[in-house]
């Protein structure tokens with residue numbers, strides 16, 4: 001068993017998420033280098049966990065900025081919705097006008113055909 | 001990273017039960033309750049954002065986007081996880097999107113990423129041991145980590161998010177998240193204990 005065969009598992013051994021099989025465990029028990037690595041990983045992990053208790057203070061005004069951003073986004077959404085409502089109304093009107101025009105044209109065509117039939121008879 | 005100020009979490013971080021009532025009210029459309037939620041959680045959210053982006057201005061942008069998404073998604077928050085954990089996940093997702101958009105990952109491909117510059121290895125080891133403590137070496141090592149690796153190791157080892165949640169928020173597979181975690185820890189250890197890294201390098 002060589003140390004580099006185990007190297008990728010040592011940080012998981014240190015955080016307790018992996019239990020090595022017996023042959024690997026035996027190697028670690030006899031290998032000072034692997035043991036030292038595990039100890040170092042434990043120190044890294046402990047230092048990382050300690051960071052959890054620290055807070056980094058933002059510059060003042062962050063809450064106001066956050067709320068303003070939400071409000072702005074809300075306004076943008078409202079404006080977009082108004083525009084899209086206008087678009088719907090415009091397209092609806094256009095469709096209605098087209099339909100009315102087509103109906104009118106059909107009516108005129110039908111009348112003129114009826115007139116021609118009467119004249120012919 | 002040059003934080004505006006560092007304080008202890010003790011007594012500053014709201015507990016889950018403190019926030020539950022506010023979350024319920026905010027979900028019902030109470031904007032004052034949402035404002036109070038922002039007030040109580042923003043330092044925590046900013047801390048994570050700063051750790052992920054490593055830049056104060058970027059962190060502020062990420063925080064703004066996080067709360068906007070939280071505001072819009074509050075109705076979908078089912079309360080399975082703590083509200084703060086839910087916020088961490090949104091923050092991680094926003095930071096990932098933000099850094100990708102900014103092109104910060106240009107040279108950070110996992111397959112191609114090289115070793116971090118190890119300035120400490122050149123320094124006098126004894127002097128380093130005397131002058132810098134473990135924590136300052138950790139800060140330095142984190143700063144030098146590529147953002148993709150930093151995100152995974154911070155979310156896992158500082159914020160204790162499960163691999164699955166990290167993978168989901170960063171848009172990667174669980175196995176990729178595990179590989180990145182291993183690489184990140186290895187780089188941190190190599191930076192914090194340069195004397196060992198040097199011995200290992202010589203042995204290879």
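Table for the structure above
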{"read-out": "Conditions (1) more than 12 Å from every other protein chain (Cβ to nearest Cβ); (2) touching a helix residue (DSSP H, G or I) at 6+ places or on another chain (Cβ under 7 Å); (3) at pLDDT below 95; number of the one not met by residue B:173", "value": "(3)"}
{"read-out": "Any hit, segment B:110-132, residues being modelled with pLDDT under 85, within 14 Å of chain A (Cβ to nearest Cβ) and out of contact with any helix residue (DSSP H, G or I) (no Cβ under 6 Å at 6 or more places or on another chain)", "value": "yes"}
{"read-out": "Residue in segment A:55-70 that is modelled with pLDDT under 95, part of a helix (DSSP H, G or I) and under 30 Å from residue B:193 (Cβ atoms) present", "value": "no"}
{"read-out": "Any hit, segment A:38-48, residues being over 22 Å from residue A:18 (Cα atoms), within 7 Å of chain B (Cβ to nearest Cβ) and touching a helix residue (DSSP H, G or I) at 6+ places or on another chain (Cβ under 6 Å)", "value": "no"}
{"read-out": "Subset of segment B:15-35 [within 22 Å of residue B:65 (Cβ to Cβ) and touching a residue at least 40 places away in the same chain (Cβ under 8 Å)]", "value": "B:19, B:23, B:26, B:27, B:34"}
{"read-out": "Some residue of segment A:72-80 being surrounded by 13 or more Cβ atoms within 10 Å (Cβ to Cβ) and modelled with pLDDT of 80 or more", "value": "yes"}
{"read-out": "Checklist (1) within 12 Å of chain A (Cβ to nearest Cβ); (2) surrounded by fewer than 22 Cβ atoms within 10 Å (Cβ to Cβ); (3) assigned to a helix (DSSP H, G or I) applied to residue B:160, failing item", "value": "(3)"}
{"read-out": "Residues satisfying the stated conditions in segment A:1-37, i.e. more than 23 Å from residue B:192 (Cα to Cα), free of Cβ contacts under 8 Å to residues at least 12 places away in the same chain, away from chain B (no Cβ under 12 Å) and in a loop (DSSP other than H, G, I, E, B)", "value": "A:19, A:21"}
{"read-out": "Residue list for segment B:24-40, restricted to those being buried (at least 20 other Cβ atoms within 10 Å of the Cβ) and farther than 14 Å from residue A:61 by Cα", "value": "B:26, B:34, B:37"}
{"read-out": "Options B:62, B:38; residue that is more than 9 Å from chain A (Cβ to nearest Cβ), within 19 Å of residue A:73 (Cβ to Cβ), assigned to a helix (DSSP H, G or I) and free of Cβ contacts under 8 Å to residues at least 40 places away in the same chain", "value": "B:62"}
{"read-out": "Residues within segment A:38-53 that are within 33 Å of the chain's Cα centre (by Cα), more than 14 Å from residue B:181 (Cβ to Cβ) and in a helix (DSSP H, G or I), tallied", "value": "5"}
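The values are calculated or read from the model by the stated rules, or taken from the named source; none is laboratory data. From a predicted model like this one, the values you see are computed outputs, not experimental measurements. Counting neighbours? That spans all protein chains shown, and the Cβs are built from the backbone with ideal geometry, glycine included.
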